[in-house]
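Here the structure is laid out as structure tokens; the discussion comes afterwards.
The values are calculated or read from the model by the stated rules, or taken from the named source; none is laboratory data. Quick caveat: nothing in here was measured; it's all calculated off a predicted structure. So basically every Cβ, Gly included, is an ideal-geometry build from the backbone, and we count neighbours across all protein chains shown.
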Amino acid sequence: MAFRLLIDIEVLEFVERLPPRLRQEIRTAIREIQANPGAQTEAEDSDSSGRPLSIKIVGDYAITFWIDHADKHVKIMDIHSADC
């Protein structure tokens, strides 16, 4: 099942400011999330509406995403320090 990847513009801007090696690791992780989103969940959370959010850890960072099965979209919502 192919998923379309949607990424918040603030996430893209954040990734572009990272050092090259970490930027590549994040991009690889995002491609893995797109290819098989259900297998990439290492933790779970929910947003203010109760929608389930998945979290993938990459180094010191957490990638938060939402799998929209109805539209076959994976929505990357945030990347932040995994310590938060």
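Side notes on the structure shown:
- Residue in the range 4-25 that is in a strand (DSSP E or B), in contact with a strand residue (DSSP E or B) (Cβ under 7 Å, 6 or more places away or on another chain), basic (K, R) and crowded, with 16+ Cβ neighbours inside 10 Å present: no
- Candidates are the residues of the range 30-84 that are surrounded by fewer than 16 Cβ atoms within 10 Å (Cβ to Cβ) and basic (K, R); the one that is nearest to L18 (Cα to Cα) is R31.
- From the options I26, I67, residue that is modelled with pLDDT of 95 or more and within 12 Å of the chain's Cα centre (by Cα): I26
- Unique residue being of a type outside the set (S, T, N, Q), part of a helix (DSSP H, G or I) and free of Cβ contacts under 8 Å to residues at least 12 places away in the same chain when the list is A29, A70, A39: A39
- Subset of the range 39-84 (residues that are of a type in the set (S, T, Y) and either in contact with a Phe, Trp or Tyr (Cβ under 7 Å, 6 or more places away or on another chain) or within 19 Å of Q24 (Cβ to Cβ) (or both)): S54, Y61, S81
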